[in-house]
Amino acid sequence: MLSDSGRKRIGVLGGTFDPIHYGHLVAAEEARELLGLMKVIFVPSGHPPHKAADDMTDGEHRWAMTVLATQDNPRFEVSRIELDRPDVSYTVDTLRLLQERMPETELYFITGADMFLELPTWKEPETILRSFHFVAVARPGWSLERLDDRLRLLIERYRCHVHILNVPGIAVSSTEIRDRLRAGRSVQYLVPTPVVEYILQKGLYGIRVGRSG
Ligand code: ATP
Ligand code: MG
């Protein structure tokens with residue numbers, strides 16, 4: 001769990017987690033094990049630049065669901081670092097802040113292939129690759145073969161900091177979960193049970209009570 005430099009490795013998985021599902025959890029656990037990470041910190045987004053606030057469930061609900069989903073894994077943690085900031089959170093700023101709080105660690109930022117392919121459009125992609133490790137996990141439907149030229153150049157330049165991992169593919173997205181709930185369909189085995197219970201109890205995602213669960 002120590003890097004060559006003797007520093008602890010810590011994973012960071014950012015997301016809207018609206019809601020969190022087993023695709024997120026498998027990606028985090030596989031990255032943790034394969035890269036020897038001491039823990040993985042889940043960071044629910046505050047106001048992500050690419051999603052409109054009114055399209056998103058309230059941060060406190062997304063936070064609560066992320067805590068419920070990770071509570072049985074002692075190596076998973078949830079951070080409020082983005083939720084507690086009033087402005088749009090950019091990944092590079094979040095990583096810098098986490099690094100300031102944990103100077104003795106090496107941070108590994110974990111994303112699914114879809115997010116990874118967008119890296120060139122992020123704020124300061126070169127800083128992210130230069131200063132932090134970047135982990136791209138396979139996600140069904142997204143081929144990491146399809147890297148565009150800019151991304152290929154970035155990877156070539158910062159090769160040692162990009163880790164491409166094949167993890168068991170769970171072909172589920174939060175969008176699909178929300179659609180299923182709205183349609184009154186089951187999300188059992190796609191989302192951890194305590195999260196399903198929370199959704200039902202709070203009546204999130206316009207669920208039609210009766211059939212969901
Ligand atoms: P939405 O459909 O609302 O975009 P999502 O399922 O993509 O939701 P996010 O919160 O946007 O979930 O994703 C957080 C991170 O987890 C991203 O890096 C994303 O690529 C990754 N991720 C999400 N689902 C999976 C999955 N099934 N397998 C691997 N990685 C995933
Ligand atoms: Mg997404």
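The values are calculated or read from the model by the stated rules, or taken from the named source; none is laboratory data. The structure presented is a predicted model; accordingly, all values stated were derived computationally and were not measured. Cβ atoms come from the backbone with ideal geometry, glycine included; neighbour counts cover every protein chain shown. Side chains are part of the model used for accessible areas, which takes the heavy atoms of the whole protein and leaves out ligands, DNA and RNA. Shrake-Rupley method; radii C 1.70, N 1.55, O 1.52, S 1.80 Å.
How many nm is it between the label spots at MET102 and HIS163, if each spot is 7 Å from the Cα in line with the beta carbon?
So the label points at MET102 and HIS163 sit 1.3 nm apart.
What do you reckon, how do ASP84, ASP18 stack up by accessible area (1.4 Å probe), largest on top?
ASP84, ASP18
If you roll a 1.4 Å probe over the chain with all protein chains in place, what percent of the accessible area is carbon or sulfur?
Within the chain, the accessible surface is 49 percent carbon and sulfur.
At 1.4 Å probe radius, can you tell me the per residue accessible area of the chain in Å²?
49 Å²
Amide H of THR16: which non-local residues (sequence gap of 5 or more, or other chain) have their own amide H closer than 5 Å, using H built in the peptide plane?
For THR16, the qualifying residues are SER45.
How much solvent-accessible surface does TRP142 expose, in Å² to the nearest 10, with a 1.4 Å probe and all protein chains in place?
It works out to around 110 Å².
Using the Karplus equation 6.51 cos²θ - 1.76 cosθ + 1.60 (θ = phi - 60°), what ³J(HN,Hα) coupling, rounded to whole Hz, does each residue of the stretch 172-185 give in order, writing x for Gly and Pro?
Along the stretch 172-185, the couplings run 9, 9, 4, 4, 5, 4, 4, 4, 4, 4, 4, 8, x, 8 Hz.
On full extension of the chain, what length is gained from TRP122 through ILE170, given 0.36 nm per residue of separation minus the C-alpha to C-alpha distance?
Net length gain for the segment: 14.7 nm.
Based on DSSP loop calls and a cut-off of at most 15 other Cβ atoms within 10 Å, the longest stretch of the chain free of exposed GluC sites (Glu not before Pro) is what?
1-103
Just how large is the dipole of the chain about the Cα centre, in debye to the nearest 20, putting +1 at every Lys and Arg Cβ and -1 at every Asp and Glu Cβ?
In total the dipole reaches around 300 debye.
What does the extension gain come out to for ARG185 and GLN71, with contour length at 0.36 nm per residue minus their alpha carbon separation?
Here the answer is 38.5 nm.
Provide ILE81, ILE164 ordered by accessible surface of protein heavy atoms (probe 1.4 Å), highest first.
Solvent-accessible surface, decreasing: ILE164, ILE81.
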